[in-house]
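What follows is a short report on a single structure.
The values are calculated or read from the model by the stated rules, or taken from the named source; none is laboratory data. The structure displayed is predicted, hence computed values, not measured ones. Reconstructed Cβ throughout: ideal geometry from the backbone, glycine too, with neighbour counts over all protein chains shown.
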């Protein structure tokens, strides 16, 4: 066996495994907000900036993650204002669930070698 699982497949190199691992860590690092409040914003940006030159796919994952962070921040401001109309409470709960579930999905997909765009996200960085 020469490292190929199937004909016409690219072999799974250790560099590819490292890139997928760092992509997964980048997305899952957003969950560190539960431990240290601002860490979920700083950690993915730091990982993105440090690893994007070493692994080009990290640049794509980093932009997706930062776009989600900015979008979630905008949504949270809007939903906070809507709390005065009562509906904001429910929207903030939904946003909290999305802010927990979306990075997990993106991390799993990144570990599988896929790029997943967060739903309902504005594309600030392309």
Is it true that residue 122 is within 16 Å of residue 63 (Cβ to Cβ) and modelled with pLDDT of 95 or more? no
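Does residue 92 count as farther than 21 Å from residue 22 by Cβ, touching a residue at least 12 places away in the same chain (Cβ under 8 Å) and over 18 Å from the mean Cα position of the chain (by Cα)?
yes
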What number of residues within region 1-38 are modelled with pLDDT under 90 and part of a loop (DSSP other than H, G, I, E, B)? 14
